[in-house]
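The values are calculated or read from the model by the stated rules, or taken from the named source; none is laboratory data. For clarity, every value in this text was computed on a predicted model and none was experimentally measured. Using ideal geometry, Cβ is built from the backbone for each residue, glycine included, and neighbour counts are taken over all protein chains shown.
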Amino acid sequence: MIVSIMTPTPLFANDLADVVRIFWGNIECWVNEPGGSVTIVHTEKTEEGVRRCRMEMSGDFSAVRQESRAVSDDPLLEKRYHKRLIKQTLYGVMKQVTGRTPPWGSLTGIRPTRLLYEGMSRGLTLEEAVAETREAFDVREDKADLLREIVQVQQNMPVPDTREADLYVGIPFCVSRCAYCSFLSGEVGKGKQLPPYVEALEKEIAGTLTLMEEKGLRPRAFYMGGGTPTSLSAPMLERVLSAARPFIDRAREVTVEAGRPDTIDQDKLRVIRDHGATRISINPQTMHDETLVRIGRRHTAAQTEAAYALARQAGFTHINMDLIAGLPGENLDMFLQTLAWSRDLRPESLTVHTLSIKRSSLLHLWEAQLPDGHMVERMVDEGRREAARRGMRPYYLYRQKYMAGNLENVGYALPGHECLYNVDMMEEIAHVLAVGAGAISKRVDPAIGRIERAPNVSEIRNYLDRTEEMLARKQALWAQEWPGEPGAQRRE
Ligand code: SF4
């Protein structure tokens, strides 16, 4: 199916296409090009300072909405409300056409908790902000409750100090590529790129720590992710973690993603533990070996069990587990089996992802094997119930495009095991100094909603040739004069 969207505001064309995809999945949308199998016609007019928007689909269905406020003089605010109006009008038509009410209503953004914080910054109570979000975006009650719970948990976590920063180290290598992968990760192959990569990281980390010192920034959370950091050998891990040691020793939290169970051994775990990691992540995704083969992960459930046992023996008291709902060939029973199996491994935190299918992914070819949206929704609900039974609370959430059932990814944790770095990333409330290919540094000032980024180049060869420039990009970002500092206002 191809949808033609005829609109006087092509600026918002992608947003309109996102609304269509809430209902019809990852279909093609043309903007101001007739000839699609379905045509949506958008018209609007402004009278006496009030904008009215109309959407019509193939002559049979239409919706009209108007602003509940006068057109604003503030161009940024005006753009935001204009976009919201046309998205919600189209959402109204799509609901009529399909007879469906999606769980997240017309919301297409990555960080829905933002809406609650934004409401609270205008003086609303949490309850009022939840009610406003529900009503404005047609968010279902259970999803609104989830947002409320998350914000309540976050409000009890340490708020970033104005002079704190996170350090992220990216290892963009994996032992094989998962079919659904959307990261820039490459396969380790013969491992020729690893030694120069480690050397480059050592230099970039050293320069970054100097920058932090010059700017008076204190360590907050350390996160080594990827990719799969344990694709590196134990001596290589030792070198990278040693380079970051001055940060790690003063950090509130230290996470190393072990990721693939088949990359973990005693030596690597010892190095990670001896360098102060307080949290590792070992991610089975599913307990079904046939699914693991199908999605290109070359490990088994038995290897996951062995990796958990090794990590416990090595003394790790916080292991996070990632699972995915909606994997090809899986049904609700299989997902329930995975949940029951994971119980015995006793992870202290659990992240339940919903499969997200990108256009470029191989998985695109496998659509026939994918569980339907309703089944995935039941899987996600079961994940939430299971986490609650284990005494875990949801503490961060994000959504992606093209997610099965238009759902969400949720991190759950036992009280006191919430990952600061995950919250910092999702809520964008702390500076992040990021090293490695494809890593993105962020300087933030939540008090005024300012976020600026310094991305590293993502291609590894390029990164090796231009490591000094990556450092210079961070230096330039922090050389800017900013009137404010990242503050504690978000969660007050
Ligand atoms: S482990 Fe993660 S980064 Fe590596 S290929 Fe799989 S999804 Fe991509």
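Conditions first: (1) more than 17 Å from His353 (Cβ to Cβ); (2) within 14 Å of the ligand (Cβ to nearest atom); (3) touching a His at 6+ places or on another chain (Cβ under 9 Å). His318 passes all but one, so which condition is the exception?
That leaves (2) as the condition not met.
Any idea which of Glu330, Glu408, Glu418 is farther than 25 Å from Gly315 by Cα and modelled with pLDDT of 95 or more?
Glu330
Write out, first by first residue and then by second, each pair whose Cβ atoms fall under 9 Å of each other, whose residues are 6+ apart or on separate chains, and whose first residue, in segment 169-182, is outside any loop (DSSP other than H, G, I, E, B) while the second is of a type in the set (Ser, Thr, Tyr) and within 7 Å of the ligand (Cβ to nearest atom).
Correct list of pairs: Ile171/Ser185; Ile171/Thr228; Phe173/Ser185; Phe173/Thr228; Cys174/Ser185; Cys174/Thr228.
Would you point out the residue of segment 324-348, among those that are crowded, with 17+ Cβ neighbours inside 10 Å and closer than 21 Å to Thr278 by Cα, that is farthest from the ligand (Cβ to nearest atom)?
My answer is Glu348.
Tell me, please, whether a residue that is outside the structural domain of Val139 (by TED's automatic domain parsing), assigned to a helix (DSSP H, G or I) and either over 19 Å from Lys401 (Cβ atoms) or under 29 Å from the mean Cα position of the chain (by Cα) (or both) can be found in segment 43-60.
no
Residue by residue, here is whether (1) out of contact with any Lys or Arg (no Cβ under 9 Å at 6 or more places or on another chain); (2) within 30 Å of Val3 (Cα to Cα); (3) not aromatic (Phe, Trp, Tyr) holds:
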site	(1), (2), (3)
Gln66	no, yes, yes
Lys79	yes, yes, yes
Phe137	no, yes, no
Pro158	no, no, yes
Thr162	yes, no, yes
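Yes/no per residue for (1) among the small types (Gly, Ala, Ser); (2) under 26 Å from Lys442 (Cα atoms):
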site: Glu330; (1), (2): no, no
site: Trp341; (1), (2): no, no
site: Arg393; (1), (2): no, no
site: Leu397; (1), (2): no, yes
site: Gly411; (1), (2): yes, yes
site: Pro415; (1), (2): no, no
site: Ala430; (1), (2): yes, yes
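Scan Gly191, Gly216 and give me the residue that is on the phi > 0 side of the Ramachandran plot, within 16 Å of the ligand (Cβ to nearest atom) and more than 22 Å from the chain's Cα centre (by Cα).
The conditions single out Gly191.
Name the residues in segment 219-238 that are more than 16 Å from the ligand (Cβ to nearest atom), buried (at least 23 other Cβ atoms within 10 Å of the Cβ) and among the hydrophobic types (A, V, I, L, M, F, W, C), would you?
Hits for segment 219-238 are Ala221, Phe222, Leu237.
Here's a check for you: in segment 113-158, which residue that is part of a loop (DSSP other than H, G, I, E, B), free of Cβ contacts under 8 Å to residues at least 40 places away in the same chain and of a type outside the set (A, V, I, L, M) is surrounded by the most Cβ atoms within 10 Å (Cβ to Cβ)?
Among those residues, the one meeting the criterion is Arg140.
Mind checking which residues of segment 445-470 are of a type outside the set (S, T, N, Q), in a helix (DSSP H, G or I) and under 20 Å from Pro195 (Cβ atoms)?
Ile460, Arg461, Tyr463, Leu464, Asp465, Glu468, Met470
For segment 390-417, enumerate the residues that are assigned to a loop (DSSP other than H, G, I, E, B) and closer than 21 Å to Leu115 by Cβ.
Of everything in segment 390-417, those that are assigned to a loop (DSSP other than H, G, I, E, B) and closer than 21 Å to Leu115 by Cβ turn out to be Arg399, Gln400, Lys401, Leu407, Glu408.
List the number of the failed condition for Asp161; all other conditions in (1) in contact with a strand residue (DSSP E or B) (Cβ under 8 Å, 6 or more places away or on another chain); (2) surrounded by 18 or more Cβ atoms within 10 Å (Cβ to Cβ); (3) assigned to a loop (DSSP other than H, G, I, E, B) hold.
(2)
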